[in-house]
Every structure is written in structure tokens, then in C-alpha cells.
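See structure below.
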Amino acid sequence: MKNVRRRAYVSDYYWIMATDLIEDRSDDSYVLEIDDITLTPSFPEPGKDLRWEMTGRLKEQIDLTQVQCQIQVKLGLVTLLRKTATLPEVLKMLGAELEGDTQAPSGEWTQTWTFAIPRELPKGDFRIYVQSYTGDGEEKDFMDLNLHIDFRR
């Protein structure tokens with residue numbers, strides 16, 4: 001498990017940013033080995049865009065249009081969304097799309113997505129769980145992320 005913490009100085013105070021933790025729960029058996037995820041801005045705000053830059057390595061060629069994602073969004077203890085969709089469908093729901101070849105070869109893999117965060121989000125502590133697997137018949141684990149986004153500030 002890898003944790004990525006985002007921190008910044010605001011005035012004279014040290015703050016852990018609203019996106020203080022992205023947890024990569026993938027292990028060595030997963031097809032995608034994530035090296036880094038960078039969010040810009042590191043303090044996401046409702047109604048503004050969020051840029052997601054991810055670098056990693058694919059262990060084998062993957063048809064990205066067939067990657068299935070199981071998503072769960074929670075606000076506190078309440079589950080707001082539980083959905084299974086392909087990776088392109090998930091990105092489209094968030095206002096983004098896959099970059100480059102959808103038949104991604106093994107090796108270095110970089111994606112940059114810009115998500116439109118809805119303005120109507122309630123203030124709260126969101127948890128987003130994304131588990132995905134290849135949908136090519138063998139169904140190998142692709143990636144497993146837990147995100148913590150705090151919109152209470």
C-alpha cells in the first residue's frame with residue numbers, strides 16, 4: 001500500500017490539504033503499478049476543475065475500453081453512489097476521457113484527466129473507493145484506490 005499526502009502552507013499555518021490521502025491498495029498481482037498521482041489544485045473546490053495526473057507501468061497490454069470499475073462514494077457513513085461501469089464511462093461521467101491509444105501496450109503509462117467537480121456538492125467528508133479489473137475474459141485486477149476528499153473547508 002502506498003500513501004500520497006498533499007500538504008501546503010496557508011498564511012502562517014500548516015494545513016493538510018483537502019485531498020490529504022490517496023491510498024493505492026494494489027499489490028504486485030495488479031496489472032497497473034502506480035508510481036505517482038498528482039492532483040492540481042491539491043485543495044479541490046466544488047464548481048472548479050480538478051486535474052489528475054497519474055504515472056505508472058502496465059505489466060501487459062490492456063484494452064482500456066474493457067476495464068471495469070466498481071465505484072463507491074460515501075459521505076460520512078451514507079453511501080451516495082455504488083456503480084459498476086467501464087473506465088471510459090466513468091471518465092465521461094466526470095467530464096474527462098482516456099488519452100492516447102485505448103489498446104495500451106505494456107510499459108510506461110501516463111494519463112492526465114481533468115474532472116469537473118459539481119458546484120452542488122454538499123459540504124462533507126467524502127470517501128471514494130475505486131476497484132477495477134480487466135474485462136477481457138480473464139478479469140485480472142487493474143487498480144484499487146481509496147480517496148479521501150474533505151469539502152467541509
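The values are calculated or read from the model by the stated rules, or taken from the named source; none is laboratory data. Not measured: the values here are computed from a predicted model. Cβ sites come from the backbone with ideal geometry, for glycine too, and all protein chains shown count toward neighbours. Heavy atoms of the whole protein, side chains included, go into the accessibility calculation; ligands, DNA and RNA do not. Shrake-Rupley method; radii C 1.70, N 1.55, O 1.52, S 1.80 Å.
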With the requirement that a residue be at pLDDT 85 or above and more than 17 Å from the chain's Cα centre (by Cα), what does the stretch 1-47 give you?
Asp28, Ser29, Gly47
Hey, does the stretch 83-104 have a residue that's more than 25 Å from Thr40 (Cβ to Cβ) and in contact with a Lys or Arg (Cβ under 7 Å, 6 or more places away or on another chain)?
no
Can you tell me which of (1) within 18 Å of Asn146 (Cα to Cα); (2) open to solvent by less than 80 Å² (accessible area, probe 1.4 Å); (3) under 17 Å from the mean Cα position of the chain (by Cα) is the one Pro88 doesn't meet?
(1)
Do any residues in the stretch 124-138 that are open to solvent by 40 Å² or more (accessible area, probe 1.4 Å) have Cβ atoms under 6 Å from those of residues that are not in a strand (DSSP E or B), where the two are at least six apart or on different chains, and which pairs are they?
Tyr133/Glu139; Asp136/Gln66
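Could you check the stretch 41-54 and list, in sequence order, the residues that are open to solvent by less than 50 Å² (accessible area, probe 1.4 Å) and outside any loop (DSSP other than H, G, I, E, B)? Reasoning before the result, please.
The initial filter retains those residues of the stretch 41-54 that are open to solvent by less than 50 Å² (accessible area, probe 1.4 Å), namely 42, 44, 46-47, 50, 52, 54.
Listed by number, the residues that qualify are Leu50, Trp52, Met54.
Would you be able to say whether some residue in the stretch 76-94 is of a type in the set (A, V, I, L, M) and in a loop (DSSP other than H, G, I, E, B)?
So the first thing to find is which residues in the stretch 76-94 are of a type in the set (A, V, I, L, M), and the list is 77-78, 80-81, 85, 87, 90-91, 93-94.
Now drop any that are not in a loop (DSSP other than H, G, I, E, B), which leaves 77, 94.
Scanning the stretch 76-94 turns up at least one residue that is of a type in the set (A, V, I, L, M) and in a loop (DSSP other than H, G, I, E, B).
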Evaluation of Thr38 against (1) assigned to a strand (DSSP E or B); (2) of a type in the set (Val, Ile, Thr); (3) farther than 21 Å from His148 by Cα (one fails), failing number:
(3)
Is there a residue in the stretch 58-78 that is without any contact (Cβ under 8 Å) to a residue 12 or more places away in the chain and either crowded, with 17+ Cβ neighbours inside 10 Å or over 17 Å from the mean Cα position of the chain (by Cα) (or both)?
yes
Looking at this structure, is Glu120 loosely packed, with under 13 Cβ neighbours inside 10 Å and in a strand (DSSP E or B)?
no
I'd like the residue in the stretch 110-149 that is at pLDDT below 85 and touching a strand residue (DSSP E or B) at 6+ places or on another chain (Cβ under 7 Å) and, out of all such residues, is farthest from Val73 (Cα to Cα).
Asp136
